[in-house]
Amino acid sequence: MLEKLKRHQFLFEELVKRDFAKKYKRTILGMAWSILAPLMNLLIMWLVFSNFFGNNVDHYVVYLFAGQLIFSYFTDATNLGMNSLLMNAGIFTKVNVPKYLFLFSQNVSSLINFGLNLLIFFTFVAIDGVPFTWKFVFLLFPVVCLIVFNLGLGLILSALFVFFRDMQYLWGILTQLIMWMSAIFYTIDSYSHTIQCMFLLNPLYVYIRYFRKIILDGTIPTVQFHLLAAAFAILSFGIGAYMYKKYNHEFLYYV
């Protein structure tokens, strides 16, 4: 895969430029929407939920922003990834290129937006008086896991979307369910130990919880927590890569 990426480096770079430019084409504010959209979502959620949950959580704005930041990157990357094959069918049906290039280029666009929002997030952390420590270096781990997880899920969704157009509607419903089950705006402290463990079956909650442990709790997650986060990412990417390898030629008949 790395050899093919290097061989098609020019095409990959052009796809990234195209996808990023296309996202903000004919918009007045352009790239500023990458920052404004999540900030407006954060403001709405803060206004709605701060009276219900804010009194029980220290640094609630940072707590909320951490969840919203990761969820926004997740939804943006997977939604764009799901459409990556069909959007580029006119290219790979005529030219023999690795089809995952289109998915990867879409994810780079989402990753750039995530990076910009991460800078805004750290600004909120500083304003809210949360101390910066050397442990923040460990945030690289959940970010890398999240990137790999999103790539894998994008591979799975884009392959399924070629065969089943209903996936766009099903995924819209599932993302709403994932949002409510990721404890973005509430805590799970009041639940029983069994219920709290069940939340760990949600990969997105694991990555959000990792961020909060480092930033708000000032603690480094356990080795088991690291292994769980990595397992979700590896499993997702492994399944996605397998599907692309198995159905690579069949894509041409369904697009």
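For Gly129, the test of being of a type in the set (Gly, Ala, Ser) and in contact with a helix residue (DSSP H, G or I) (Cβ under 9 Å, 6 or more places away or on another chain) is failed. Of everything listed in (1) at pLDDT below 80; (2) more than 21 Å from Gly240 (Cβ to Cβ); (3) in a helix (DSSP H, G or I), the single unmet condition for Asn117 is (1).
Sort out which residues of the stretch 222-234 are free of Cβ contacts under 8 Å to residues at least 60 places away in the same chain and not hydrophobic (A, V, I, L, M, F, W, C), and write them in order of number. Thr222, Gln224, listed by residue number.
Looking across the stretch 121-155, the residues that are touching a residue at least 60 places away in the same chain (Cβ under 8 Å), not charged (D, E, K, R) and not in a helix (DSSP H, G or I) come down to Gly129, Val130, Pro131, Thr133.
Count of the stretch 201-219 residues, restricted to those that are surrounded by 15 or more Cβ atoms within 10 Å (Cβ to Cβ), farther than 21 Å from Asp76 by Cα and aliphatic (A, V, I, L, M), is 3.
Contact map, the stretch 96-120: first residue over 18 Å from Val148 (Cα atoms), second residue modelled with pLDDT of 85 or more, Cβ cut-off under 6 Å, separation 6 or more or different chains; pairs are Asn117/Leu69. All of (1) touching a residue at least 24 places away in the same chain (Cβ under 8 Å); (2) under 28 Å from Asn79 (Cα atoms); (3) in a helix (DSSP H, G or I); (4) not aliphatic (A, V, I, L, M) hold for Gly172 with one exception: (1). Screening the stretch 87-114 for residues that are in a helix (DSSP H, G or I) and modelled with pLDDT under 80 and picking the one that is surrounded by the fewest Cβ atoms within 10 Å (Cβ to Cβ) gives Gly90. With respect to the conditions (1) touching a Phe, Trp or Tyr at 6+ places or on another chain (Cβ under 6 Å); (2) in a helix (DSSP H, G or I), Phe185 falls short on a single one, namely (2).
Residue-wise test of (1) among the β-branched types (Val, Ile, Thr); (2) out of contact with any strand residue (DSSP E or B) (no Cβ under 6 Å at 6 or more places or on another chain); (3) at pLDDT 90 or above; (4) on the phi < 0 side of the Ramachandran plot.
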| residue | (1), (2), (3), (4) |
| --- | --- |
| Asn202 | no, yes, yes, yes |
| Tyr207 | no, yes, yes, yes |
| Asp217 | no, yes, yes, yes |
| Pro221 | no, yes, yes, yes |
| Lys245 | no, yes, no, yes |
| Phe251 | no, yes, no, yes |
| Val255 | yes, yes, no, yes |
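Considering only residues that are farther than 24 Å from Gln176 by Cα and in contact (Cβ under 8 Å) with a residue 12 or more places away in the chain, look in the stretch 235-249 and name the one that is surrounded by the most Cβ atoms within 10 Å (Cβ to Cβ). Taking the candidates together, the pick is Tyr244. Just wondering, is there one or more residues in the stretch 116-134 that are crowded, with 19+ Cβ neighbours inside 10 Å, more than 18 Å from Leu204 (Cβ to Cβ) and not hydrophobic (A, V, I, L, M, F, W, C)? No: the stretch 116-134 contains no residue that is crowded, with 19+ Cβ neighbours inside 10 Å, more than 18 Å from Leu204 (Cβ to Cβ) and not hydrophobic (A, V, I, L, M, F, W, C).
The values are calculated or read from the model by the stated rules, or taken from the named source; none is laboratory data. Quick caveat: nothing in here was measured; it's all calculated off a predicted structure. Note that each Cβ is placed from the backbone with ideal geometry, even for glycine, and that neighbours are counted across all protein chains shown.
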